[in-house]
Amino acid sequence: MLQFFVHFFLFLVAVTSSLATAIKKRPPQTLSRGWGDDITWVQTYEEGLYKARKSNKPLMVIHHLEDCKYCHALKKIFAENEEIQAMADKDFIMLNLMHETADKNLAPDGKYVPRIIFVDPSLTVRADITGKYSNRLYTYEPQDIQILIHNMHKAKRLLPAEL
């Protein structure tokens, strides 16, 4: 009888370990969520505002969703572009959000994704920094990457009130 339980136990262990290896575990997500693993990201909008003010750097807020094909396309180009990655790491406080915030200033023309908003160190949302689409002012598509780069440079220039 004891031998039966030993064999049964070994059988259960073998089946369980086989199932565990068959089920692929998803790697843990970092704060980058694929937008740039070498960039320092903040966790919350409030933390981003605090660090922007303290460091005198603009905050770049990327709104996106995990199941959005447009977000994935932009994310791929964003993560592969060396100029964007370098600027994001050196010159910006970076935040990517997969949910909306209570701050209505972060959705001046609606809640759509992808949406990139810049906030200057005086905590003013830079509504003047827009993409090329009149119906979604703060969205960018992969072919708009040069516009995004231009807008990142523009966001780095502080408003006169901040000087």
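The values are calculated or read from the model by the stated rules, or taken from the named source; none is laboratory data. Keep in mind it's a predicted model, so treat the numbers as computed, not measured. Backbone-built Cβ (ideal geometry, glycine too); neighbour counts: all protein chains shown. Accessible surface areas use protein heavy atoms only, side chains included; no ligands, DNA or RNA. Shrake-Rupley method; radii C 1.70, N 1.55, O 1.52, S 1.80 Å.
Which FRET efficiency value, to the nearest 0.05, do you get for residue 66 and residue 102 by plugging their Cβ-Cβ distance into 1/(1 + (r/R0)^6) with R0 = 22 Å?
Values: r = 21 Å, r/R0 = 0.97.
So the FRET efficiency works out to roughly 0.55.
Can you tell me which lysines have their Cα less than 25 Å from the Cα of residue 156? Leave out same-chain residues fewer than eight positions away.
51, 54, 57, 75, 76, 90, 104, 111, 132
Rounded to the nearest 20 Debye, what is the dipole magnitude of the range 88-140 about its Cα centre when Lys and Arg each give +1 and Asp and Glu each give -1 at the C-beta?
The dipole magnitude comes to about 200 debye.
So how exposed is residue 98, as accessible area in Å² (1.4 Å probe, rounded to 10)?
Only protein atoms counted, so the area is about 60 Å².
At a 1.4 Å probe radius, which order do 130, 124 fall into by accessible area, largest first?
Output order, biggest surface exposure first: 124, 130.
Could you report the accessible area of residue 150 in Å², rounded to 10, computed with a 1.4 Å probe on the protein chains as they sit in the structure?
It works out to around 110 Å².
Determine the order of 101, 30 by accessible area, beginning with the largest, at a probe radius of 1.4 Å.
30, 101
Mind checking which of 45, 106, 125 is farthest towards the positive end of the range 44-163's charge dipole, using Cβ charges of +1 (Lys, Arg) and -1 (Asp, Glu) about the Cα centre?
My answer, from the dipole projection, is 125.
Relative to the present Cα-Cα distance, how much length would full extension add between residue 135 and residue 90 at 0.36 nm per residue of separation?
Taking residue 135 through residue 90 to full extension adds about 13.1 nm, to one decimal.
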